[in-house]
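Working notes, beginning with the structure itself.
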Amino acid sequence: MNARFTYIANWKSYFTYCEAVTWAEQHAAALHTRNHNAEIVLCPDFLAIPALRAIAPNIKLGAQNCSPFDKGPYTGQVSASSLKDAGVTHCIVGHHECRTLLHESSTVIAKKIVQLAQHGITPILCVSDPYEIAQHEFAQALRACRSICIAYEPIAAIGSGNAASVEAITDKLALIKKIIDEYAPDIHARLLYGGSVTSDNAQEFKRIPNLDGFLIGRASTDFQELKKIVH
Ligand code: PGA
């Protein structure tokens, strides 16, 4: 386990703008001051990013998605350039919910990774199948990045309350590491696990070899729960 464990709070669409602002006003200071040994990245929806930056300038912010294109005639898209301007350091891409509900393809996800890399934002690539990283377009996109987070998120574990077993996570992370070493050996990759992480399973999971952090959905919206996961 790395010294500085990473906690990515994926707030999905759980909060409205006002609710996200209220959460940050109430808890962001405590989150920052108590956790110098942890890297915490809050990922609210796009709208709340500038407000959270103003309320909690010391907390890292991530986006939950981005455009596969740079600035230009792309209605409804938020470019990596714009995220960079807003102070975003990380961005989730390839989340299962986007792949299924928005039909995002590997080609589109790979383009997003390249956009983020070009703007110095760390992509958080979600995969349920480690072999996906070996696909030509992903391997190529990865080689464009200096650093990346790869989140192993088994589909059945997302939002279900049924996290993967320690054994399964251990095996999949070892496989991801092997694939990265083969296809993108120069990249600095941090490996995360996501899918029903809670305060009940987090401490046990933290002992898993190669695990550098968590991608936390619902549990990250509850400050007390997040605090317990971090400690
Ligand atoms: P969950 O979500 O923690 O609510 O299962 C994780 C994720 O989808 O990133």
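The values are calculated or read from the model by the stated rules, or taken from the named source; none is laboratory data. Since we're looking at a predicted model, the values are computed, not measured. The area values use the complete protein model at the heavy-atom level, side chains included, leaving out ligands, DNA and RNA. Shrake-Rupley method; radii C 1.70, N 1.55, O 1.52, S 1.80 Å.
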Taking the chain as a Gaussian network, where each spring joins two C-alpha atoms under 10 Å apart, which residue of V41, V197, V78 fluctuates the most? V78
Over 23 Å between Cα atoms, which of K84/K227; K206/K228; K71/K112; K112/K228; K178/K228; K84/K177 qualify? K84/K227; K112/K228; K178/K228; K84/K177
Using only the Cα atoms of the stretch 1-98, what semi-axes does the equivalent ellipsoid have when each is the square root of 5 times a gyration tensor eigenvalue? Give whole Å, largest first. 23, 16, 13
Expressed per residue, the solvent accessible area of the stretch 170-231 in Å² (1.4 Å probe) is about 46
Of K172, K228, K84, which has the most accessible area and how do the rest follow, probe 1.4 Å? K228, K84, K172
May I ask for the Rg/Rh ratio of the chain, computed from Cα atoms with Rh as the Kirkwood radius, given to two decimals? 0.94
Calculate what fraction, in whole %, of the accessible area of the stretch 10-125 sits on carbon and sulfur atoms when a 1.4 Å probe is rolled over the protein chains. 55
Could you please put V230, V108 in sequence from largest to smallest accessible area, using a 1.4 Å probe? V108, V230
Where the Cα atoms of the stretch 139-196 are projected onto their three principal axes, how long is each span, largest first, in whole Å? 35, 19, 14
Once Y183, Y17, Y7, Y131 are ranked on solvent-accessible area with the largest value leading and a 1.4 Å probe, the list reads Y131, Y17, Y183, Y7
Euclidean distance between Cα centres, the stretch 187-231 to the stretch 42-67, Å: 19
